[in-house]
Amino acid sequence: MITLHADTSHVIQLAIGPAFMLAAIAGTLTVLTNRLARVNDRTHKRRDDRGDADASLQAEIDVELATLSRRARVLNAAICMSAACGMIVCLLIGSLFVANELGLAFDRPVAVLFLSAMGALIGTYLLMLVEIFVAQHSINPT
């Protein structure tokens, strides 16, 4: 029978918060990848439409394609930031257990990892807001 030391059970309790953060990051990644898929779908459709359009309509389509390209770049950056955040959280959780098993005082590096993860998560949400703003501005430019 496997028994947990009191220290190990405490580390598990400490890892619960970052584990919930991983679930939030996964949900955010789902939203971001779905938005990117819609942008890609729209880009392919408008590129197909451009071939059959006259010159004035082609100019409008080119403007829309430029906006879609900007949205895709912002979404890609947000996805990368979110993935980096998830990796930092995984390092944080892993370091909690390694430090416990090795008997290391690892409180400062854990704090730095947590703050780094929060910074990356804030960056993710800021980029997501930028993309939403660009999408809304393309619909209603006023």
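The values are calculated or read from the model by the stated rules, or taken from the named source; none is laboratory data. Note that this is a predicted model, so its numbers are computed, not measured. In this analysis, Cβ positions are derived from the backbone assuming ideal geometry, glycine residues included, and neighbour counts consider all displayed protein chains. When the accessible area is computed, the model is the full protein with side chains, heavy atoms only, and any ligands, DNA or RNA have been set aside. Shrake-Rupley method; radii C 1.70, N 1.55, O 1.52, S 1.80 Å.
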Open to solvent by less than 50 Å² (accessible area, probe 1.4 Å) and touching a His at 6+ places or on another chain (Cβ under 9 Å), is that true of Thr67? yes
Can you pull out every residue in the stretch 96-113 that is surrounded by 15 or more Cβ atoms within 10 Å (Cβ to Cβ) and modelled with pLDDT of 90 or more? Leu113
Looking at Leu14, Leu92, Leu32, which is the one that is in contact with a Ser or Thr (Cβ under 9 Å, 6 or more places away or on another chain), more than 19 Å from Val130 (Cβ to Cβ) and in contact (Cβ under 8 Å) with a residue 60 or more places away in the chain? Leu92
Search result, residues across the stretch 20-33 that are open to solvent by 30 Å² or more (accessible area, probe 1.4 Å) and under 11 Å from Ile79 (Cβ atoms): Leu29, Thr30, Val31, Thr33
Looking for something free of Cβ contacts under 8 Å to residues at least 12 places away in the same chain, in a loop (DSSP other than H, G, I, E, B), open to solvent by 60 Å² or more (accessible area, probe 1.4 Å) and of a type in the set (Asp, Glu) - is there at least one such residue anywhere in the stretch 42-62? yes
Among (1) more than 19 Å from Gly27 (Cβ to Cβ); (2) surrounded by 14 or more Cβ atoms within 10 Å (Cβ to Cβ), which single condition is Met128 missing? (1)
